[in-house]
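Taking it in order: structure first as structure tokens, then the write-up.
Taken together, the values in this text are just the output of simple stated rules run on the coordinates, not laboratory data. What you see is a predicted model, and the numbers here were worked out from it, not measured in a lab. Here the Cβ positions follow ideal geometry from the backbone for every residue, glycine too, while neighbour counts run over all protein chains shown.
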């Protein structure tokens, strides 16, 4: 619980952070936090893991009467993903424009630089469950009718139990 509305209802931290960050991103990079958050849906999981939208560069208008010109979307990309991104430029422009709701982007500029925020920290490994723990976990979730939900809860339970030290007599 991060904050409360005037009526006392809790507000998620992400909503508060979005209200703070969105105006800053719009002013400094011309980009909305919604575009950054939806990048995986726009670019696809393969490209999204190796790229990110940096900023939107709008062309300068000398007069108010000047016609509207689409902007340039600057995308940071690393390694070979730049080549894949270059081949899918047209599709990504269409998806970004569909996301924004109008023809805002006319072209893409690719900037090669490191993108991944993963510092090379390996994911934690958990101990395998004992037969007793596995049976207890399976019996706990067996009444859940939805197969996907049951499988997710079983994975969650296995992770929680796998974090704990095994009880050795």
Discussion item. Can you give me the C-alpha center-to-center distance between segment 88-116 and segment 40-57, rounded to a whole angstrom?
Written reply: 8
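Rule-of-thumb check for segment 122-169: C-alpha Rg over 2.2 N^0.38 Å? Provide the component values of the computation, followed by the final result.
On the way: Rg = 11.7 Å, N = 48, 2.2 N^0.38 = 9.6 Å.
After normalising by residue count via 2.2 N^0.38 Å, the value is 1.23.
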Worksheet item: Hey, with R₀ at 35 Å, roughly what FRET efficiency would residue 46 and residue 129 work out to, going by the Cβ-Cβ distance, to 0.05?
Response: 0.60
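What ranking do 129-142, 64-77 get when scored by the average of other Cβ atoms within 10 Å per residue, highest first? Before the final figure, lay out the partial values.
Values: 129-142: 12.6, 64-77: 14.9.
Final packing ranking: 64-77, 129-142.
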